[in-house]
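These notes concern the structure reproduced below.
The values are calculated or read from the model by the stated rules, or taken from the named source; none is laboratory data. Just so we're clear, the structure is a prediction, and the values are computed from it rather than from any experiment. Cβ placement follows ideal geometry from the backbone for every residue including glycine, while neighbour counts extend to all protein chains displayed. Note: accessible area is taken over every heavy atom of the protein model, side chains too, but ligands, DNA and RNA are not part of it. Shrake-Rupley method; radii C 1.70, N 1.55, O 1.52, S 1.80 Å.
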Amino acid sequence: MLRISTTWIRRNLVVIAGVLTLAYLVLPNVIVMVFSFNKPAGRFNYSWREFSTDAWQDPCGVAGVCDSLSLSLWIALWATIGATVLGSMIAFALVRYRFRARGAINSLIFLPMAMPEVVMAASLLTLFLNLGAELGPTTILIAHTMFCLSFVVVAVKARVMSMDPKLEEAAKDLYAGPVQTFLRVTLPIAAPGIAAGAMLAFALSFDDFIITNFNSGNTVTFPMFVWGSAQRGTPVQINVIGTAMFALAVIVVVAGQIISGRRRKTALPK
C-alpha cells in the first residue's frame with residue numbers, strides 16, 4: 001500500500017504542486033469573499049460573527065470609499081492608456097529599427113522593474129518638488145504611467161519579436177499600403193501582447209501604494225483608503241469591492257481564454 005501511494009505521488013507530483021500553489025494563491029481571495037458577507041460586532045472585520053448582505057446592498061455606505069475607488073479607477077485607466085500607447089511604440093522601435101544607444105535603451109527599460117519602489121517613489125517626489133509641481137492626481141498619473149511603461153514594453157516586445165516578417169511582406173506583395181498592412185496584419189498579431197501589457201499596467205496602477213503615497217499630496221486612492229482604514233477599523237465594504245474586482249478579473253481572463261480557444265478552432269483546417 002505504501003509503495004502504491006509513493007508511486008502515485010511521484011507520478012502526480014507536478015499536479016499536486018500545482019494544485020497546492022493555486023490554493024495558496026487563491027486562499028486570501030476566498031477569505032476576502034467570505035468576510036464580505038460578515039456582519040462584525042465592532043469596527044474591525046477580522047472575526048466571523050454572522051452572515052449578512054448589508055455591505056453588498058450598500059457598497060458606498062462608508063464615507064470616502066467610493067470616491068477613492070473611482071479615483072483609482074480613473075488614474076489606472078489613463079495610466080494604462082498612456083503606458084500602452086507609448087510602450088507599444090517603444091517596443092516596435094526597439095525590435096524593428098537599428099539606431100545608436102539601442103542597447104542602452106533596452107537595458108534602461110528594465111530599470112523601473114528592477115528598482116525598489118521606495119527608491120523610485122522618492123526620486124519622483126524629488127523631481128516633482130524641484131519642478132514646483134503640486135502633488136495630486138496629476139503627479140500620481142505621471143508616476144504610474146512611468147513605472148507601468150516598462151512592463152508594457154516587455155510584454156509587447158516579446159510578441160513583436162515572435163512575429164514572422166514574411167506576413168507583412170506578403171501583404172505588401174498584395175498591394176497593401178503601410179497603414180493597411182499595419183491595421184490588417186501587424187496590429188492583430190501584436191494585439192495579444194498589447195492586451196497583456198495593458199491589463200498588467202492597469203492592475204499595477206490600481207494596486208500601487210508606495211509610489212502613490214509619496215506623490216499623492218492630500219489625494220486618497222483606494223489602496224491608501226484601505227491602509228488608513230486598517231488602522232481605524234476595516235469596513236466590510238472593502239471586502240465587497242475586493243471581491244467584485246477579483247470576480248471581474250476572473251471573468252476577463254476566462255472570457256479571453258474562451259475567445260482564444262474559439263479562434264484556434266476556427267483557424268484549424270477542416
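Taking every residue in the stretch 20-41 that is over 28 Å from Ile9 (Cβ atoms) and pairing it with any residue that is of a type in the set (Asp, Glu), at least 6 positions away or on another chain, the pairs with Cβ-Cβ distances below 8 Å are Asn38/Glu50; Lys39/Glu50; Lys39/Asp54. Considering only residues that are modelled with pLDDT under 90 and hydroxyl-bearing (Ser, Thr, Tyr), which ones fall in the stretch 186-207? Of everything in the stretch 186-207, just one residue is modelled with pLDDT under 90 and hydroxyl-bearing (Ser, Thr, Tyr), namely Thr186. For beta carbons closer than 9 Å, sequence separation of 6+ or different chains, a first residue in the stretch 112-135 that is under 15 Å from Gly217 (Cβ atoms) and a second that is of a type in the set (Ser, Thr, Tyr) and surrounded by 14 or more Cβ atoms within 10 Å (Cβ to Cβ), the qualifying pairs are Ala121/Thr212; Leu124/Thr139; Leu125/Thr139; Phe128/Thr139; Ala133/Thr139; Leu135/Ser216; Leu135/Thr219. Restricting the stretch 126-157 to residues that are surrounded by fewer than 20 Cβ atoms within 10 Å (Cβ to Cβ) and within 23 Å of the chain's Cα centre (by Cα), which is farthest from Ala191 (Cα to Cα)? That would be Gly136.
Table: residues versus (1) in contact (Cβ under 8 Å) with a residue 12 or more places away in the chain; (2) within 20 Å of Ile81 (Cα to Cα); (3) open to solvent by 30 Å² or more (accessible area, probe 1.4 Å).
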| position | (1), (2), (3) |
| --- | --- |
| Lys172 | no, no, yes |
| Tyr175 | no, no, yes |
| Leu204 | yes, yes, yes |
| Ile211 | yes, yes, no |
| Ala230 | no, no, yes |
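Taken as a whole, the condition of being in contact with a Pro (Cβ under 9 Å, 6 or more places away or on another chain) and of a type in the set (Phe, Trp, Tyr) does not apply to Tyr24.
With respect to Arg96, determine if the residue is among the basic types (Lys, Arg) and within 26 Å of Leu200 (Cα to Cα). Here the answer is yes, as Arg96 does meet what is asked.
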